[in-house]
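Let me give you the structure first, and then I'll get to my questions.
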Amino acid sequence: MKKFLSKNIIYYLIIIGVALIMCIPLFQEGIHTGDDGEFHISRTIGTIEQILNGKSPFIVDRFSLGFGFAWNLFYPPVSTVINVVFAFLTNNVVTAMKIFIFLTFVLSGITMYQLVRTISNNKFAAMLSAILYMCAPYRMLNAYTRLAVGELAGFIFTPIVLRGVYLLFDGKTEKSYLYVFGTIGLVLSHNISTMLTFLVGFFYVLVNIKKLKDKKILKSFIISTLVIILSVLFFYGPLMEQMAGTKYEVSRKMYTDASVQNSALNPIELIFSYFEGISQEGRFYNIGVLLLLGLVITPFVYKKAKELPTYKFMLIAGIVSCVMATFVTPWYFMPDPLQMIQFPWRMLGFIIFFFSIIAGINFSLLIDILMNEWQEKSKIIGKVVVSVAVIVFSGFYALHFIQGLDYPVKDNAYFEEPEVIDYTWQVSRYSSYLEYWPQKAIDNFDYTMNRDNKVAITSGNATITNENKVNGTLDFDVADVQENTTLELPYLYYKGYVVTYTQSNSDEKIKLDVTESNNGFIQISLDNSMNGHINVEYHATTLHKVCMVISLVTIICYLLSMGTEKIDNHRKKTEQSKQKLLDGQSERKKMTHIFRR
């Protein structure tokens, strides 16, 4: 039994079992899409449509009333890529989302287990931390009530990032790939989680700044960070290019000073899930009974626990996260970059992260203290009993938070219906809260909502014939163009649209300049000598293409360097083993010679 428990596999199987418990609500035909679920499922099917149509996946042509919506230029790609893969395999976008949710529970449990096992060298503590991390009420909020896919993916990568940084600063620079790939995964999952993790990592580096005196650690840290930046450039380069091109609604719709402050929690909400005046969603903002219990026993085990690396840092970081989640922190006066958090209760993601680590270690140490005089077999039995109790209580405690949710049946056809934009709330199943629309299109909302999906002459005059727009590609002929003629084309303004003009009786294609109209659409100016055909399509910009090449080359070079380093290390170990063998044989020959004499 002891030998069996010493293997990681048993703990991974337990984590998978807990994930299945957490996903019991998914084992039915319908799905509760919550606050954001329909947006992200629509994004998946829209991306698939673009791929099947042979079009760029960065803008979904059908969305935003057929004017195009740049989901994949603005929102990180990890969740979409995963969902698209499983949607292709299952031919059902809802099933794909269910698989994605299940994977976030499993993988986040495994990465948390690996983190705590690394810092505590205690598999039992690591397993308890993983279970508590998976079963926190806030996890249920994100998986079911909000269906916030970016944060769900972030739960997987945050433990990898912290583990990678810990190992790197511990001198194990050969493990720096954990820091690299964990951070890349997090950055490409959720912008806000990345920002918060950066803050945590920054303070961790400050606490351990003396370790950077080691040139090997400093070099590895700098190179790894550079690799991360270049690897995610394919996403953030084009994103910054778009944001620099014009003002988008996301810049003013994400938050205000007042909205952030008003979203801060009452400290009591972190402790109690039920009290007078709490909202339905507010019930999820508590830390959780077992996590609180794990914190309560801190004084009883602190003498031993503080000897573990990073324990005090994790405890302090968890307490600071609690303060930041509440109105105790004056969010109204915080700088804009920090206010991007939108909702201070997002800090619960870090509260449960840090306190899951603390509670898992605390429970394990307490059991060791209480069972110190027991025989080894009795200790194992005790740990099994505690494990079962934690799984059953934490699992079903978490599930009770989502009782009463409806699970309507939805499939691909539901997400292929014609788009309807709510006029009052400016929200759409396909285009979210229109946050990636140009601000001019929102400012002229009546015009946008009532505009035909056709070319509009905004100044001068011209004859437009043979107009045809299919799958985001527009073709039309122009003639009789007057001076100072400007055409507004039926596309929301994003950089990357290419407009080419072909003169009648000529094959030469001329690229026309594209600007933003007063209504937030793309527009072109015509010369009165023009008489021919115009084609409009979306292509990646030159900067976008350069960024993709840089990222691809960086990843390939990094993987090759990893492979080369691994081969060199293997060769060195082999040579060392051979040398030890030769030294041993030489020593034996000497001893034999001495004895013979």
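The values are calculated or read from the model by the stated rules, or taken from the named source; none is laboratory data. This is a predicted model, so every value here is computed, not measured. FYI the Cβ positions are ideal-geometry reconstructions off the backbone, even for glycines, and counts take in every protein chain you see. Please note that ligands, DNA and RNA were not included when accessible areas were found on the heavy atoms of the full protein model with its side chains. Shrake-Rupley method; radii C 1.70, N 1.55, O 1.52, S 1.80 Å.
Kindly identify the range 130-244 as rounded, prolate or oblate by the Cα gyration tensor criterion: order the square roots of the eigenvalues as a ≥ b ≥ c, call it rounded if a/c is under 1.5, otherwise compare a/b with b/c, prolate if a/b is larger, else oblate.
Numbers: a/c = 2.38, a/b = 1.33, b/c = 1.80.
Oblate shape, in that a/c is at least 1.5 and b/c is the bigger or equal ratio.
For the pair residue 256/residue 424, report the inter-label distance in nm, with labels modelled 7 Å from Cα in the Cβ direction.
1.9 nm
For the pair residue 389 and residue 35, what calculated FRET efficiency results from E = 1/(1 + (r/R0)^6), where r is the Cβ-Cβ distance and R0 = 35 Å, to the nearest 0.05? Provide the component values of the computation, followed by the final result.
Details: r = 33 Å, r/R0 = 0.95.
It comes out at approximately 0.60.
Indicate, rounded to the nearest 5 percent, the antiparallel portion of the DSSP beta bridges found entirely in the chain.
Counting DSSP beta bridges with both partners in the chain, the antiparallel share is about 95 percent.
Something else about it: Where does the charge balance sit around residue 463 when Lys and Arg score +1, Asp and Glu -1, over other residues with C-beta under 12 Å from its C-beta? Don't skip to the answer; put the middle values down first.
Numbers: positive: none; negative: 467, 477, 480.
The answer is -3.
Additional query: Specify the inter-centroid distance of the range 415-434 and the range 101-176, based on alpha-carbon positions, in whole Å.
35 Å
Given R₀ = 45 Å, FRET efficiency for residue 174-residue 465 by Cβ-Cβ distance, to 0.05?
Here the calculated transfer efficiency is 0.10.
Report the net charge of residues surrounding residue 30, where surrounding means a beta-carbon distance below 9 angstrom and charges are Lys +1, Arg +1, Asp -1, Glu -1.
Result for the neighbourhood of residue 30: -1.
Accessible area of the chain with a 1.4 Å probe: how many percent of it is carbon plus sulfur?
Percent of accessible area from carbon and sulfur atoms in the chain: 61.
Taking the Cα centre as origin and putting +1 on Lys and Arg beta-carbons and -1 on Asp and Glu beta-carbons, what dipole magnitude results for the chain, to the nearest 20 debye? Before the final figure, lay out the partial values.
Numbers: 53 positive and 48 negative charges, 1084 e Å.
I would put it at about 5200 debye.
Roll a 1.4 Å probe over the protein chains and send me the accessible area per residue for the range 173-273 in Å².
Ligands and nucleic acids excluded, the figure is 49 Å² per residue.
Which net charge results for the neighbourhood of residue 441, defined as the other residues with beta-carbon distances under 12 angstrom from its beta-carbon, given Lys and Arg at +1 and Asp and Glu at -1?
Surrounding charge for residue 441 is -3.
Roughly how large, in nm² to one decimal, is the mean projection of the convex hull of the alpha-carbon atoms in the range 192-348?
On the way: hull surface 51.4 nm².
Taking a quarter of the hull surface, the average projection is 12.8 nm².
Calculated from DSSP H runs of 4 or more alone, at -39500 (n - 2.57) each and per residue, what is the 222 nm mean residue ellipticity of the chain, nearest 500?
Mean residue ellipticity at 222 nm (helix-derived): -18000 deg cm²/dmol.
Rg/Rh for the range 66-167: what does it come to with C-alpha atoms and Rh from Kirkwood?
A ratio of 1.06.
Pulled fully out, how much extra length does the chain show between residue 452 and residue 412, if you take 0.36 nm times their separation in residues and subtract their Cα-Cα distance?
Length gained, residue 452 through residue 412: 11.7 nm.
State which entries of 7/566; 383/573; 175/545; 469/511; 211/383 exceed 27 angstrom in Cα-Cα distance in the structure shown.
Result: 383/573; 175/545; 211/383 exceed 27 Å.
Along the charge dipole of the chain, which of 220, 33, 50 sits closest to the positive end, that is, farthest toward it, with unit charges on the beta carbon of Lys, Arg, Asp and Glu (+1, +1, -1, -1)?
220
Same structure, new question: So if I average 1/r over every pair of distinct C-alpha atoms in the range 396-465 and take the inverse, what Kirkwood radius in Å does that give?
16.3 Å
What per residue convex hull volume, in Å³, do the alpha-carbon atoms of the chain yield?
216 Å³
Along the charge dipole of the range 254-370, pointing to its positive end and built from +1/-1 on Cβ of Lys, Arg, Asp and Glu, which listed residue (254, 273, 301) has its Cα farthest out?
301
What dipole magnitude, in Debye to the nearest 20, does the range 10-136 give about its Cα centre under +1 on Lys/Arg Cβ and -1 on Asp/Glu Cβ?
It comes to approximately 380 debye.
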